[in-house]
Amino acid sequence: EDSSDEEPPTMNPVYRRSGKDLAKLILLPTLYFALMIVACVFAFYTIEGVVLSYNNKVQSVQLVEVKDRYPPIGIVILPQFSNYSFCQYRYYDDVSPDPEKPPERCNKYKLPETCTYFNVSFNSTALVNVTRFAMVFKGPTLVDCKESLLLHFSINTTSRQFSAVEYILFENWNYFESLKENERKGFLASLEQYRDIYTFPAGFRTWVKMSYTIRTDYRATTNKTDFNIIDNYASFNDPGLDGMYPMEVVFEWKDRYYDYVRDIISTTAWSAFGSICGVFITLVKAGEFCRMWMRRIRRDKEKKMLHLKKLEEEHEKELEAYKERQKEK
Amino acid sequence: EDSSDEEPPTMNPVYRRSGKDLAKLILLPTLYFALMIVACVFAFYTIEGVVLSYNNKVQSVQLVEVKDRYPPIGIVILPQFSNYSFCQYRYYDDVSPDPEKPPERCNKYKLPETCTYFNVSFNSTALVNVTRFAMVFKGPTLVDCKESLLLHFSINTTSRQFSAVEYILFENWNYFESLKENERKGFLASLEQYRDIYTFPAGFRTWVKMSYTIRTDYRATTNKTDFNIIDNYASFNDPGLDGMYPMEVVFEWKDRYYDYVRDIISTTAWSAFGSICGVFITLVKAGEFCRMWMRRIRRDKEKKMLHLKKLEEEHEKELEAYKERQKEK
Amino acid sequence: EDSSDEEPPTMNPVYRRSGKDLAKLILLPTLYFALMIVACVFAFYTIEGVVLSYNNKVQSVQLVEVKDRYPPIGIVILPQFSNYSFCQYRYYDDVSPDPEKPPERCNKYKLPETCTYFNVSFNSTALVNVTRFAMVFKGPTLVDCKESLLLHFSINTTSRQFSAVEYILFENWNYFESLKENERKGFLASLEQYRDIYTFPAGFRTWVKMSYTIRTDYRATTNKTDFNIIDNYASFNDPGLDGMYPMEVVFEWKDRYYDYVRDIISTTAWSAFGSICGVFITLVKAGEFCRMWMRRIRRDKEKKMLHLKKLEEEHEKELEAYKERQKEK
């Protein structure tokens, strides 16, 4: 039974008592810290995106079709050194029409026989100490019939070095018409200061193709109208009599469509909040899962530990026995 | 032991039996109701945002570079009272070029010797009972070499009051070329009705710098081409012979870039659905947490209650004892 | 007790032993599979939306107001066959101003007496073997006072068929001024190649109303300036002396606003990730709930089953009894 070659029993060094504390002290806090960092980074970038999209609204552009007619706009002519001759509402025709030719088409609407306009004198804000004379015409409306407003002026070419007439467009003729004499002066002065001033040259018939863009904000509460015009020119062939040079302008709508632009918030706070909730709750779930998983690992380890403890105890007993056997020898 | 100064035992009035029922009857329903309202408000605004973004698509604008050449476009000239003289494909040169000068550059491509064009007569839809004569030219393509199409017309300045020539651009020359004679008439009539008609004046060489914008929808299934032109004018110095005034137009591409516009839904239903899910599940979790928390409070209260009940019973016993002691007196 | 009419006891056939296995083998896997498909479809469309919004950035357009003055831009004039006469910085006036009239307004700023410009000759890239002569002017800055730059040229109308002058705009005069002689040549050559070249015609005063758009990317790191000009023409009335025709150009700012365009990603990966998390966690919760619900149904079924088993056993006993009774008969 006994032999002097007998070696002392050895033990597998797998078992470490620190396992349990390690998980509690390091792994779990590290995990929660990592999840927290992920959540914070996510929240930061999501909130940054929301702030960015609130500060930088994007534009939704819709093409709106006008039925039959546009609401009447106002056309402010500042004739200065030129003389007003006549105006006419006409239908679309070729660029060299016969003025005597009656309008043949668009019979369902009758064009007004005479132009509607007001003469207004106002104090210029762009020029100092100048009272300007303006003629404010009601613009064409019947886009379906290609209604156009023809204005004829003449200018004395010998008295001026060069000649052109300025004009300004505004969007609400009906509002202007409802104003009192004095209010109209102020209205025109502010138009002169803030609106684009266009010109048309002497010696030409200028075709002004008008279009506009209506801009509104996110809640569609305010409206702002921007005009956009395309000029086309037809040359007058007759040089004018007695140094009086003719100049004409024809205002017409470009087409029956206008742009309606609305500011849109691409990422709303609501949707971002939902995203953040989704991520946070996922991380909470992930945290719960990890804790459960760690507990399971720990339990397995504890079982192993108990098993190892038994083995250890048995080993110690064996060791004792071995030592006693050695002593007895 | 006994004394007549003895007062009856009193009791702390903290303990209320209604605690348990209060939580069950008022607090929890209130909580759930509040969470439900939060969820509904959130869902409402998120869904509103989705509806808004589906109704107001935003535009993604990309600058697309053309390699070497654009696909050929069509240029419809409506010469009316002017006479067509000649046309030429040319390379870019300065604005007052020598017509005899051969193109020196862009040797890798050979310009066609002759212009490609069709004469078409069609029934006008804009003018009543008028047959219009149109010349449809193949537009320039080699943007890299600044290829341009020069058209020369002359007009009798004594017969007309003023003179200009109309033109229309369309995007697909190859499609037009493939049409039959009759289909071409209909195609031009519809162009005249729906497209922008531009003009160039007599007495000038008009430089038309063309660019276009291709618009497409969310799924990129349909295409719509909008032209945008910039006119520049050079004055003819010679007055024209025998009352025949020259007029020229040069069509060229503005540059090798065009805009590609795509309608984008900024907040898709999918992403909004995810947001709503995130919020709802968070509220569910919050509800669970609150219920758990309340249960713990209630349990604590019940413990307290038991403790108080004991105190109460002891107090009653003491009270009984006290009364008996008083009776004995 | 016994009768020959007695029928054998029957049993309700509700109870099927397969119930438990059915749920485990078919219902739950089907449910999980369905949830997984929902999750995948959702994730696919959400990720598709993100990819789409990264590839198709949308534009945020802001109107930025300039205080007092724009930074100076550069105006490159390529006079070619025309002769430069003079230039002037002026304030806004009507289109036919008196050159002797001193500027009366905008007293807080003094306009420079003389124009700032450089003469540069460079090798053209658009034309072969041509050295072009350019005059580079410092543009107007005081938008508040409507400062404008007037340039006067004259051109020999007998030597050329038609006449116009080309010009190019660039955004950073200060950068150009800081360049060395040679670098300026290269700078202009690259402008001629890549920028829009505009022209103004002889015989007119051309009013060039300038505006620009600054484009930047999502992170606002790069800037790109696009010019947009509106031409207005005023005709010269005097025919010019000795065949020298006058031509003028006036550069001025359209208004004190410019567009600032920023590319925006409408659906960021962050927000989409949150959405996906929200949906997944909801589906996980739904799965848990369904499993719980099925377990409850199963438990109910098991109770019913036990009850039915008892009934069955009783029935069998009765059946045995019945059979024995029949046998006894």
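The values are calculated or read from the model by the stated rules, or taken from the named source; none is laboratory data. Remember, it's a predicted structure, so these values are computed and weren't measured experimentally. Neighbour counts are summed over all protein chains in view; Cβ atoms, including those assigned to glycine, are modelled from backbone coordinates with ideal geometry. Just so you know, the surface numbers come from the protein's heavy atoms only, side chains and all, with ligands and any DNA or RNA stripped out. Shrake-Rupley method; radii C 1.70, N 1.55, O 1.52, S 1.80 Å.
Quick look at the numbers
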| read-out | value |
| --- | --- |
| Residue identified as more than 24 Å from B:R195 (Cβ to Cβ), at pLDDT 85 or above and facing another protein chain (nearest Cβ under 8 Å) among A:R215, A:R262 | A:R262 |
| Candidate set from the range B:64-81 (those that are within 9 Å of another protein chain (Cβ to nearest Cβ) and open to solvent by 10 Å² or more (accessible area, probe 1.4 Å)); member that is nearest to B:F118 (Cα to Cα) | B:Q80 |
| Subset of the range B:42-63 (residues that are more than 7 Å from every other protein chain (Cβ to nearest Cβ) and among the charged types (D, E, K, R)) | B:E48 |
| Meets criteria (within 24 Å of C:R215 (Cβ to Cβ) and in contact with an Asp or Glu (Cβ under 9 Å, 6 or more places away or on another chain)) for B:D263 | yes |
| Filtered residues of the range B:34-46 (kept if surrounded by 17 or more Cβ atoms within 10 Å (Cβ to Cβ) and of a type in the set (V, I, T)) | B:T46 |
| Listing of strands (runs of 3 or more DSSP E) fully contained in the range B:46-100 that carry 1 or more residues being more than 30 Å from A:S266 (Cα to Cα) and modelled with pLDDT under 90 | B:82-90 |
| Index of the failed condition, A:T141 passing every other in (1) open to solvent by 10 Å² or more (accessible area, probe 1.4 Å); (2) outside any loop (DSSP other than H, G, I, E, B); (3) at pLDDT 85 or above | (2) |
| Within the range C:21-77, tally of residues that are among the aromatic types (F, W, Y) and over 25 Å from C:S275 (Cα atoms) | 1 |
| Meets criteria (under 21 Å from A:I229 (Cα atoms), more than 9 Å from chain A (Cβ to nearest Cβ) and either at pLDDT 85 or above or in contact with a Gly (Cβ under 9 Å, 6 or more places away or on another chain) (or both)) for B:V250 | no |
